Amino acid sequence: MILLLLIAAAGAERSLVVDGKPLKIAAHAESAGASLAINLLVSSEERALLATLLHRAWTPDNPAAERAHPEALVRLAGRPPDLDFEHAGVHIDERLRLLLWRHPERLRGLPLWVGVTLKQSGVRPLLPPSRPPAVTQDAIDRVLADFSFGLSQARVVASQPRVTWVELVAPPAGAEDLLLDLPPPTEPPLLPTTHEAPPLKPLPQVQPVPAEVLTRPESAGRRVALTFDACSTLDRSFYDDRITRALVGTRTPATLFISGRWAETHLRQMRVLSEIPLFEIANHSYIHPHMTEVPPERQREELLWTQQILFSLTGKLPRFFRPPYGEVDGELAQVAAQNGLRTVEYDFPSGDPDKHSTRERLVAWVLAKARPGSIVVMHMNRRGWHTAEALPDIIAGLRAKGFVLSQVGEMVP
(Lines give C-alpha, C1' and ligand atoms only; values in the text may rest on other atoms or scores of the structure.)
Protein backbone atom coordinates (compact mmCIF):
# COMPACT_ATOMS: atom_id res chain seq x y z
CA MET A 1 0.00 0.00 0.00
CA ILE A 2 1.48 3.38 -1.04
CA LEU A 3 0.42 6.68 0.54
CA LEU A 4 1.77 9.79 -1.19
CA LEU A 5 1.52 13.18 0.48
CA LEU A 6 2.93 16.26 -1.24
CA ILE A 7 4.16 18.47 1.58
CA ALA A 8 6.62 21.30 1.03
CA ALA A 9 9.68 21.66 3.19
CA ALA A 10 10.07 24.95 5.00
CA GLY A 11 13.35 26.08 6.51
CA ALA A 12 15.19 23.62 8.69
CA GLU A 13 12.11 21.50 9.44
CA ARG A 14 9.51 19.62 7.44
CA SER A 15 5.93 19.10 8.53
CA LEU A 16 4.60 15.66 7.63
CA VAL A 17 1.44 13.71 8.30
CA VAL A 18 2.32 10.05 8.72
CA ASP A 19 -0.40 7.49 9.40
CA GLY A 20 -2.67 10.38 10.35
CA LYS A 21 -0.20 11.83 12.86
CA PRO A 22 1.38 15.29 12.33
CA LEU A 23 5.17 15.21 12.67
CA LYS A 24 7.98 17.70 12.46
CA ILE A 25 11.35 16.40 11.35
CA ALA A 26 14.61 18.07 10.40
CA ALA A 27 14.77 18.65 6.67
CA HIS A 28 18.52 18.16 6.24
CA ALA A 29 21.60 16.67 7.82
CA GLU A 30 25.00 18.33 7.37
CA SER A 31 28.44 17.00 6.46
CA ALA A 32 31.52 19.10 5.69
CA GLY A 33 29.28 22.00 4.73
CA ALA A 34 27.10 19.86 2.45
CA SER A 35 23.33 19.71 3.01
CA LEU A 36 21.91 16.16 2.86
CA ALA A 37 18.15 15.81 2.56
CA ILE A 38 16.47 13.50 5.08
CA ASN A 39 14.81 10.74 3.07
CA LEU A 40 13.76 8.00 5.48
CA LEU A 41 11.57 7.44 8.54
CA VAL A 42 11.66 4.06 10.29
CA SER A 43 9.22 2.79 12.93
CA SER A 44 10.94 -0.10 14.67
CA GLU A 45 12.26 -1.40 17.95
CA GLU A 46 16.04 -1.03 17.98
CA ARG A 47 16.60 -4.77 18.31
CA ALA A 48 14.54 -5.56 15.20
CA LEU A 49 16.27 -2.77 13.30
CA LEU A 50 19.76 -3.97 14.20
CA ALA A 51 19.01 -7.63 13.51
CA THR A 52 17.51 -6.88 10.08
CA LEU A 53 20.41 -4.72 8.97
CA LEU A 54 23.06 -7.14 10.24
CA HIS A 55 21.24 -9.96 8.49
CA ARG A 56 21.45 -8.01 5.23
CA ALA A 57 25.21 -7.36 5.51
CA TRP A 58 25.16 -3.83 6.92
CA THR A 59 27.91 -3.32 9.48
CA PRO A 60 27.70 -0.90 12.43
CA ASP A 61 29.99 2.09 12.53
CA ASN A 62 33.26 1.65 14.38
CA PRO A 63 34.08 4.60 16.70
CA ALA A 64 37.81 4.30 16.00
CA ALA A 65 37.16 4.62 12.28
CA GLU A 66 34.99 7.66 12.94
CA ARG A 67 37.79 9.32 14.88
CA ALA A 68 40.21 8.50 12.07
CA HIS A 69 38.06 10.36 9.50
CA PRO A 70 36.15 13.14 11.31
CA GLU A 71 35.65 14.94 7.99
CA ALA A 72 33.16 12.24 7.02
CA LEU A 73 30.91 12.89 10.05
CA VAL A 74 27.26 13.65 9.39
CA ARG A 75 25.18 15.55 11.95
CA LEU A 76 21.49 16.31 12.34
CA ALA A 77 20.78 19.49 14.30
CA GLY A 78 24.34 19.21 15.64
CA ARG A 79 23.92 15.58 16.76
CA PRO A 80 25.90 12.61 15.45
CA PRO A 81 23.72 9.66 14.40
CA ASP A 82 22.47 7.24 17.03
CA LEU A 83 22.94 4.37 14.57
CA ASP A 84 25.45 4.41 11.71
CA PHE A 85 25.67 1.54 9.21
CA GLU A 86 27.80 0.86 6.17
CA HIS A 87 27.45 -1.48 3.21
CA ALA A 88 29.71 -2.34 0.29
CA GLY A 89 29.10 -0.41 -2.90
CA VAL A 90 29.37 -1.67 -6.44
CA HIS A 91 32.94 -0.38 -6.72
CA ILE A 92 35.79 -0.90 -4.27
CA ASP A 93 36.10 2.85 -3.59
CA GLU A 94 32.48 3.45 -2.56
CA ARG A 95 30.24 2.68 0.41
CA LEU A 96 26.53 2.92 1.03
CA ARG A 97 25.66 4.44 4.41
CA LEU A 98 22.53 4.50 6.53
CA LEU A 99 22.42 7.01 9.39
CA LEU A 100 19.56 7.07 11.90
CA TRP A 101 18.60 9.47 14.69
CA ARG A 102 16.03 8.75 17.42
CA HIS A 103 12.91 10.93 17.25
CA PRO A 104 10.83 11.64 20.39
CA GLU A 105 7.57 10.59 18.70
CA ARG A 106 6.32 7.02 18.21
CA LEU A 107 4.36 5.59 15.30
CA ARG A 108 2.11 2.54 15.59
CA GLY A 109 3.48 2.11 19.12
CA LEU A 110 7.06 1.75 17.81
CA PRO A 111 10.07 4.03 18.32
CA LEU A 112 10.61 6.43 15.42
CA TRP A 113 13.93 6.98 13.66
CA VAL A 114 14.81 9.77 11.24
CA GLY A 115 17.33 8.75 8.61
CA VAL A 116 19.39 9.62 5.60
CA THR A 117 20.80 7.14 3.09
CA LEU A 118 24.05 8.10 1.42
CA LYS A 119 26.71 7.00 -1.01
CA GLN A 120 30.29 7.72 0.03
CA SER A 121 32.55 7.78 -3.01
CA GLY A 122 36.26 8.45 -3.27
CA VAL A 123 37.25 6.01 -0.49
CA ARG A 124 40.95 5.15 -0.30
CA PRO A 125 42.88 2.85 2.07
CA LEU A 126 43.59 4.48 5.45
CA LEU A 127 42.84 7.91 3.97
CA PRO A 128 39.87 10.26 4.33
CA PRO A 129 37.33 10.19 1.47
CA SER A 130 38.19 12.54 -1.36
CA ARG A 131 34.55 13.60 -1.84
CA PRO A 132 31.67 14.36 0.56
CA PRO A 133 28.83 11.84 0.85
CA ALA A 134 25.73 12.33 -1.31
CA VAL A 135 22.08 11.31 -1.12
CA THR A 136 21.55 8.86 -4.00
CA GLN A 137 18.74 6.69 -5.29
CA ASP A 138 20.74 3.48 -5.22
CA ALA A 139 21.43 3.95 -1.50
CA ILE A 140 17.73 4.27 -0.56
CA ASP A 141 16.82 1.44 -2.95
CA ARG A 142 19.29 -0.87 -1.22
CA VAL A 143 17.99 0.02 2.24
CA LEU A 144 14.35 -0.47 1.28
CA ALA A 145 15.11 -3.78 -0.41
CA ASP A 146 16.91 -5.04 2.70
CA PHE A 147 14.15 -3.94 5.07
CA SER A 148 11.73 -5.98 2.95
CA PHE A 149 13.37 -9.17 4.23
CA GLY A 150 11.81 -8.45 7.63
CA LEU A 151 8.13 -8.11 8.45
CA SER A 152 7.79 -4.61 7.09
CA GLN A 153 5.95 -2.28 4.77
CA ALA A 154 7.11 0.92 3.12
CA ARG A 155 5.09 3.96 2.08
CA VAL A 156 6.09 7.23 0.46
CA VAL A 157 4.92 10.01 2.81
CA ALA A 158 6.43 13.09 1.19
CA SER A 159 8.00 14.24 -2.04
CA GLN A 160 10.20 17.09 -3.26
CA PRO A 161 12.40 15.72 -1.74
CA ARG A 162 10.95 12.27 -1.27
CA VAL A 163 10.64 10.70 2.19
CA THR A 164 9.77 7.02 2.69
CA TRP A 165 8.33 5.62 5.91
CA VAL A 166 9.19 2.01 6.78
CA GLU A 167 7.28 0.17 9.47
CA LEU A 168 9.46 -2.76 10.56
CA VAL A 169 7.63 -5.04 12.99
CA ALA A 170 9.99 -8.03 13.10
CA PRO A 171 13.37 -9.03 11.59
CA PRO A 172 13.88 -11.99 9.22
CA ALA A 173 13.71 -15.43 10.75
CA GLY A 174 16.93 -16.23 12.60
CA ALA A 175 18.34 -12.72 12.29
CA GLU A 176 18.17 -12.05 16.02
CA ASP A 177 20.76 -14.78 16.56
CA LEU A 178 23.25 -12.25 15.19
CA LEU A 179 22.69 -10.10 18.28
CA LEU A 180 23.76 -12.78 20.71
CA ASP A 181 26.60 -11.46 22.81
CA LEU A 182 29.61 -13.60 23.49
CA PRO A 183 30.36 -14.09 27.18
CA PRO A 184 32.59 -11.27 28.43
CA PRO A 185 36.25 -12.12 29.00
CA THR A 186 37.27 -12.80 32.56
CA GLU A 187 40.02 -10.18 32.23
CA PRO A 188 40.07 -6.72 30.63
CA PRO A 189 40.62 -6.80 26.85
CA LEU A 190 44.14 -6.66 25.49
CA LEU A 191 44.82 -3.00 24.86
CA PRO A 192 47.17 -1.45 22.29
CA THR A 193 49.38 1.55 22.75
CA THR A 194 47.47 3.67 20.22
CA HIS A 195 44.46 3.58 17.90
CA GLU A 196 45.70 6.18 15.42
CA ALA A 197 46.12 5.20 11.76
CA PRO A 198 49.72 5.42 10.55
CA PRO A 199 50.67 7.10 7.27
CA LEU A 200 49.95 5.01 4.20
CA LYS A 201 53.20 3.42 3.03
CA PRO A 202 53.98 2.68 -0.62
CA LEU A 203 54.38 -1.01 -1.34
CA PRO A 204 57.81 -2.45 -2.09
CA GLN A 205 58.40 -3.75 -5.59
CA VAL A 206 56.32 -6.86 -6.18
CA GLN A 207 58.16 -10.17 -6.52
CA PRO A 208 56.00 -12.78 -8.33
CA VAL A 209 55.69 -16.22 -6.70
CA PRO A 210 54.45 -19.63 -7.91
CA ALA A 211 50.72 -19.74 -8.67
CA GLU A 212 50.02 -22.80 -6.55
CA VAL A 213 47.20 -23.28 -4.07
CA LEU A 214 48.37 -24.61 -0.71
CA THR A 215 46.02 -26.93 1.19
CA ARG A 216 48.18 -29.44 3.10
CA PRO A 217 51.91 -29.05 2.46
CA GLU A 218 53.51 -32.48 2.14
CA SER A 219 56.83 -31.21 3.45
CA ALA A 220 55.39 -29.91 6.74
CA GLY A 221 56.15 -33.03 8.76
CA ARG A 222 54.18 -33.15 12.04
CA ARG A 223 53.30 -29.47 11.82
CA VAL A 224 49.68 -28.29 11.91
CA ALA A 225 48.68 -24.66 11.29
CA LEU A 226 45.77 -23.09 13.12
CA THR A 227 44.58 -20.18 10.98
CA PHE A 228 42.00 -17.54 11.84
CA ASP A 229 40.06 -15.41 9.38
CA ALA A 230 39.07 -11.85 10.25
CA CYS A 231 36.50 -11.40 7.51
CA SER A 232 35.09 -8.08 6.46
CA THR A 233 31.95 -8.67 4.50
CA LEU A 234 30.91 -5.27 5.85
CA ASP A 235 28.79 -7.59 7.92
CA ARG A 236 29.22 -8.46 11.59
CA SER A 237 32.92 -7.69 11.41
CA PHE A 238 33.64 -7.78 15.12
CA TYR A 239 36.50 -9.22 17.15
CA ASP A 240 36.71 -11.95 19.79
CA ASP A 241 39.54 -10.92 22.08
CA ARG A 242 39.37 -14.27 23.90
CA ILE A 243 40.89 -16.03 20.87
CA THR A 244 43.96 -13.81 21.00
CA ARG A 245 44.19 -14.36 24.74
CA ALA A 246 43.97 -18.16 24.37
CA LEU A 247 46.69 -18.26 21.72
CA VAL A 248 49.00 -16.03 23.74
CA GLY A 249 48.28 -17.90 26.98
CA THR A 250 49.21 -21.24 25.42
CA ARG A 251 52.07 -19.79 23.36
CA THR A 252 50.48 -21.06 20.16
CA PRO A 253 51.72 -19.70 16.82
CA ALA A 254 48.97 -18.92 14.30
CA THR A 255 48.40 -17.31 10.92
CA LEU A 256 45.77 -14.57 10.87
CA PHE A 257 44.11 -13.86 7.52
CA ILE A 258 42.99 -10.24 7.83
CA SER A 259 40.64 -8.41 5.48
CA GLY A 260 41.79 -4.90 4.64
CA ARG A 261 38.53 -3.31 5.71
CA TRP A 262 38.57 -5.24 8.98
CA ALA A 263 42.06 -3.89 9.66
CA GLU A 264 40.97 -0.32 8.87
CA THR A 265 38.05 -0.51 11.28
CA HIS A 266 40.01 -2.32 14.02
CA LEU A 267 43.12 -0.19 14.25
CA ARG A 268 43.56 -0.74 17.97
CA GLN A 269 43.27 -4.50 17.65
CA MET A 270 45.65 -4.54 14.69
CA ARG A 271 48.23 -2.75 16.81
CA VAL A 272 48.03 -5.57 19.37
CA LEU A 273 48.13 -8.36 16.81
CA SER A 274 51.08 -6.89 14.92
CA GLU A 275 53.15 -6.67 18.12
CA ILE A 276 52.73 -10.36 19.06
CA PRO A 277 55.53 -12.48 17.49
CA LEU A 278 53.37 -15.61 17.63
CA PHE A 279 51.15 -14.22 14.87
CA GLU A 280 51.76 -14.17 11.14
CA ILE A 281 49.55 -11.61 9.36
CA ALA A 282 48.18 -12.60 5.94
CA ASN A 283 45.85 -11.18 3.26
CA HIS A 284 42.12 -12.02 3.12
CA SER A 285 41.03 -9.51 0.41
CA TYR A 286 39.66 -6.04 1.14
CA ILE A 287 35.89 -6.36 1.54
CA HIS A 288 35.55 -10.13 1.18
CA PRO A 289 33.80 -10.41 -2.21
CA HIS A 290 33.32 -13.57 -4.22
CA MET A 291 36.68 -13.11 -5.90
CA THR A 292 36.10 -15.57 -8.73
CA GLU A 293 33.05 -13.53 -9.81
CA VAL A 294 34.85 -10.19 -10.21
CA PRO A 295 37.21 -9.19 -13.07
CA PRO A 296 40.99 -9.51 -12.69
CA GLU A 297 41.44 -5.75 -12.16
CA ARG A 298 39.07 -5.82 -9.18
CA GLN A 299 40.88 -8.91 -7.85
CA ARG A 300 44.13 -7.00 -8.06
CA GLU A 301 42.63 -3.98 -6.25
CA GLU A 302 41.30 -6.21 -3.46
CA LEU A 303 44.72 -7.75 -2.96
CA LEU A 304 46.87 -4.62 -3.25
CA TRP A 305 44.63 -2.39 -1.12
CA THR A 306 44.88 -5.00 1.62
CA GLN A 307 48.63 -5.42 1.14
CA GLN A 308 49.13 -1.67 1.51
CA ILE A 309 46.92 -1.43 4.60
CA LEU A 310 48.55 -4.37 6.37
CA PHE A 311 52.06 -3.22 5.41
CA SER A 312 51.30 0.28 6.72
CA LEU A 313 49.88 -1.06 9.99
CA THR A 314 52.41 -3.80 10.72
CA GLY A 315 55.57 -2.87 8.80
CA LYS A 316 55.61 -6.37 7.28
CA LEU A 317 54.48 -7.37 3.80
CA PRO A 318 52.09 -10.37 3.87
CA ARG A 319 53.25 -13.43 1.94
CA PHE A 320 49.99 -15.37 1.83
CA PHE A 321 46.42 -14.84 0.64
CA ARG A 322 43.28 -16.77 1.52
CA PRO A 323 40.35 -16.26 -0.86
CA PRO A 324 37.00 -15.36 0.74
CA TYR A 325 34.56 -18.26 1.07
CA GLY A 326 37.37 -20.61 0.00
CA GLU A 327 36.57 -19.84 -3.65
CA VAL A 328 39.59 -19.98 -5.93
CA ASP A 329 40.34 -20.83 -9.53
CA GLY A 330 43.47 -20.79 -11.67
CA GLU A 331 42.95 -17.19 -12.76
CA LEU A 332 42.66 -15.87 -9.20
CA ALA A 333 45.69 -17.87 -8.03
CA GLN A 334 47.64 -16.41 -10.96
CA VAL A 335 46.60 -12.82 -10.12
CA ALA A 336 47.64 -13.38 -6.50
CA ALA A 337 50.99 -14.87 -7.56
CA GLN A 338 51.72 -11.98 -9.92
CA ASN A 339 51.25 -9.68 -6.93
CA GLY A 340 53.58 -11.61 -4.66
CA LEU A 341 51.01 -13.69 -2.77
CA ARG A 342 50.83 -17.46 -2.41
CA THR A 343 47.24 -18.69 -2.16
CA VAL A 344 46.38 -20.69 0.96
CA GLU A 345 43.22 -22.73 1.32
CA TYR A 346 42.83 -25.26 4.14
CA ASP A 347 42.94 -28.98 4.73
CA PHE A 348 39.53 -28.92 6.42
CA PRO A 349 37.25 -26.34 8.01
CA SER A 350 36.70 -26.35 11.75
CA GLY A 351 32.97 -25.76 11.29
CA ASP A 352 32.95 -22.84 13.73
CA PRO A 353 30.57 -20.61 11.70
CA ASP A 354 27.79 -23.12 12.49
CA LYS A 355 25.93 -21.76 15.52
CA HIS A 356 24.70 -25.30 16.28
CA SER A 357 28.24 -26.65 16.59
CA THR A 358 29.01 -26.88 20.30
CA ARG A 359 32.41 -26.51 21.93
CA GLU A 360 32.59 -30.29 22.34
CA ARG A 361 31.79 -30.94 18.67
CA LEU A 362 34.40 -28.45 17.51
CA VAL A 363 37.08 -30.05 19.65
CA ALA A 364 36.18 -33.60 18.59
CA TRP A 365 36.01 -32.67 14.88
CA VAL A 366 39.36 -30.89 14.72
CA LEU A 367 41.18 -33.58 16.70
CA ALA A 368 39.68 -36.31 14.52
CA LYS A 369 40.48 -34.64 11.19
CA ALA A 370 43.98 -33.23 11.82
CA ARG A 371 46.83 -34.85 9.90
CA PRO A 372 50.48 -33.92 9.40
CA GLY A 373 50.53 -30.71 7.37
CA SER A 374 46.89 -29.82 8.07
CA ILE A 375 45.80 -26.20 7.73
CA VAL A 376 42.72 -25.59 9.87
CA VAL A 377 40.49 -22.57 9.28
CA MET A 378 38.66 -20.84 12.12
CA HIS A 379 37.29 -17.33 12.64
CA MET A 380 38.19 -14.53 15.04
CA ASN A 381 35.54 -11.96 14.14
CA ARG A 382 32.64 -13.45 16.11
CA ARG A 383 31.59 -15.56 13.19
CA GLY A 384 32.87 -18.47 15.24
CA TRP A 385 30.20 -19.08 17.84
CA HIS A 386 32.24 -21.31 20.17
CA THR A 387 35.77 -20.96 18.81
CA ALA A 388 37.26 -19.28 21.86
CA GLU A 389 35.69 -21.83 24.19
CA ALA A 390 36.99 -24.78 22.17
CA LEU A 391 40.45 -23.42 21.40
CA PRO A 392 42.32 -24.41 24.61
CA ASP A 393 41.16 -28.05 24.31
CA ILE A 394 41.95 -28.12 20.56
CA ILE A 395 45.47 -26.86 21.22
CA ALA A 396 46.06 -29.27 24.09
CA GLY A 397 44.60 -32.20 22.12
CA LEU A 398 46.72 -31.57 19.03
CA ARG A 399 49.87 -31.31 21.09
CA ALA A 400 48.97 -34.51 22.94
CA LYS A 401 48.80 -36.24 19.55
CA GLY A 402 52.36 -35.15 18.83
CA PHE A 403 51.58 -32.30 16.43
CA VAL A 404 53.68 -29.16 16.39
CA LEU A 405 51.54 -26.04 16.03
CA SER A 406 53.03 -23.48 13.67
CA GLN A 407 52.40 -20.61 11.31
CA VAL A 408 51.74 -21.40 7.65
CA GLY A 409 55.02 -19.68 6.75
CA GLU A 410 56.93 -22.26 8.79
CA MET A 411 55.36 -25.11 6.83
CA VAL A 412 56.33 -24.07 3.31
CA PRO A 413 59.67 -23.09 1.72
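Residues in the stretch 294-304: is at least one assigned to a loop (DSSP other than H, G, I, E, B) and within 22 Å of E94 (Cα to Cα)?
Within the stretch 294-304 (the criterion being assigned to a loop (DSSP other than H, G, I, E, B) and within 22 Å of E94 (Cα to Cα)), the answer is yes, since at least one residue qualifies.
Take the residues of the stretch 221-235 that are in contact with a His (Cβ under 9 Å, 6 or more places away or on another chain) and in a loop (DSSP other than H, G, I, E, B): which is modelled with the highest pLDDT?
C231
Restricting attention to the stretch 82-103, and to residues there that are among the charged types (D, E, K, R) and part of a strand (DSSP E or B), which single residue is farthest from V116 (Cα to Cα)?
R95
Per-residue answers, yes or no, for (1) at pLDDT below 95; (2) charged (D, E, K, R); (3) surrounded by 19 or more Cβ atoms within 10 Å (Cβ to Cβ):
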{"site": "I281", "(1), (2), (3)": "no, no, yes"}
{"site": "H290", "(1), (2), (3)": "yes, no, no"}
{"site": "E293", "(1), (2), (3)": "no, yes, no"}
{"site": "R300", "(1), (2), (3)": "no, yes, no"}
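For the stretch 45-81, give me the residue count where each residue is part of a helix (DSSP H, G or I) and modelled with pLDDT under 90.
Matching residues across the stretch 45-81 total 11.
Go through (1) out of contact with any strand residue (DSSP E or B) (no Cβ under 7 Å at 6 or more places or on another chain); (2) crowded, with 19+ Cβ neighbours inside 10 Å; (3) not acidic (D, E) one by one and return the number of the condition P277 breaks.
(2)
Just name the residue that is surrounded by the most Cβ atoms within 10 Å (Cβ to Cβ) out of those in the stretch 302-320 that are within 18 Å of E264 (Cα to Cα) and either among the acidic types (D, E) or more than 19 Å from the chain's Cα centre (by Cα) (or both).
Step by step, filter the stretch 302-320, then rank; the result is E302.
Output the number of residues of the stretch 114-169 satisfying the condition of being of a type in the set (A, V, I, L, M, F, W, C) and over 14 Å from L53 (Cα atoms).
14
Condition test on G115, is it modelled with pLDDT under 95 and either over 30 Å from L200 (Cβ atoms) or not assigned by TED's automatic domain parsing to the domain that holds I25 (or both)?
no
Give me the strands (runs of 3 or more DSSP E) completely within the stretch 335-413, filtered to those with at least 1 residues that are in the same structural domain as E280 (by TED's automatic domain parsing) and more than 19 Å from P253 (Cβ to Cβ), ordered by residue number.
Here the list reads 342-344.
Residue-by-condition table, conditions (1) touching a residue at least 24 places away in the same chain (Cβ under 8 Å); (2) in the same structural domain as L313 (by TED's automatic domain parsing); (3) touching a Lys or Arg at 6+ places or on another chain (Cβ under 9 Å):
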{"position": "V248", "(1), (2), (3)": "yes, yes, no"}
{"position": "H266", "(1), (2), (3)": "yes, yes, no"}
{"position": "V272", "(1), (2), (3)": "yes, yes, no"}
{"position": "E275", "(1), (2), (3)": "yes, yes, no"}
{"position": "L278", "(1), (2), (3)": "yes, yes, yes"}
{"position": "A282", "(1), (2), (3)": "yes, yes, yes"}
{"position": "P295", "(1), (2), (3)": "no, yes, no"}
{"position": "R300", "(1), (2), (3)": "yes, yes, no"}
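What number goes with the only condition from (1) at pLDDT below 95; (2) closer than 25 Å to S219 by Cβ that E345 does not pass?
Evaluating E345 over (1) at pLDDT below 95; (2) closer than 25 Å to S219 by Cβ leaves (1) as the failure.
So, of the residues in the stretch 236-253 that are closer than 26 Å to Q308 by Cα and hydroxyl-bearing (S, T, Y), which turns out to be modelled with the highest pLDDT?
Selected residue: T244.
Every residue, every condition in (1) touching a residue at least 24 places away in the same chain (Cβ under 8 Å); (2) among the aliphatic types (A, V, I, L, M), yes or no:
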{"residue": "L126", "(1), (2)": "yes, yes"}
{"residue": "S130", "(1), (2)": "no, no"}
{"residue": "A154", "(1), (2)": "no, yes"}
{"residue": "A158", "(1), (2)": "yes, yes"}
{"residue": "P161", "(1), (2)": "yes, no"}
{"residue": "W165", "(1), (2)": "yes, no"}
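Quick check on R399: is it surrounded by fewer than 20 Cβ atoms within 10 Å (Cβ to Cβ), at pLDDT 95 or above and either touching a strand residue (DSSP E or B) at 6+ places or on another chain (Cβ under 8 Å) or closer than 17 Å to T306 by Cβ (or both)?
Considered against the rule, which asks whether it is surrounded by fewer than 20 Cβ atoms within 10 Å (Cβ to Cβ), at pLDDT 95 or above and either touching a strand residue (DSSP E or B) at 6+ places or on another chain (Cβ under 8 Å) or closer than 17 Å to T306 by Cβ (or both), R399 comes out as yes.
Just one of (1) touching a strand residue (DSSP E or B) at 6+ places or on another chain (Cβ under 6 Å); (2) on the phi > 0 side of the Ramachandran plot trips up L256, so point out which.
It fails just one condition, (2).
Taking the criterion of being aliphatic (A, V, I, L, M), within 20 Å of R216 (Cα to Cα), in contact (Cβ under 8 Å) with a residue 12 or more places away in the chain and not assigned by TED's automatic domain parsing to the domain that holds W58, would at least one residue in the stretch 308-330 satisfy it?
Taking every residue of the stretch 308-330 in turn, at least one turns out to be aliphatic (A, V, I, L, M), within 20 Å of R216 (Cα to Cα), in contact (Cβ under 8 Å) with a residue 12 or more places away in the chain and not assigned by TED's automatic domain parsing to the domain that holds W58.
For residues that are under 19 Å from the mean Cα position of the chain (by Cα) and either of a type in the set (D, E) or under 27 Å from Q207 (Cα atoms) (or both), tally how many sit in the stretch 321-362.
Residues that pass the stated criteria total 9.
Which numbered condition trips up S285, out of (1) of a type outside the set (A, V, I, L, M, F, W, C); (2) surrounded by fewer than 24 Cβ atoms within 10 Å (Cβ to Cβ); (3) outside any helix (DSSP H, G or I)?
The failed condition is (2).
What is the number of the single condition among (1) within 23 Å of F147 (Cα to Cα); (2) touching a Pro at 6+ places or on another chain (Cβ under 6 Å) that V123 does not meet?
V123 satisfies all of (1) within 23 Å of F147 (Cα to Cα); (2) touching a Pro at 6+ places or on another chain (Cβ under 6 Å) except (1).
The values are calculated or read from the model by the stated rules, or taken from the named source; none is laboratory data. None of these values were measured; they are calculated from a predicted model. Don't worry about glycine lacking a Cβ; one is built from the backbone with ideal geometry, like all the others, and counts go over all protein chains shown.
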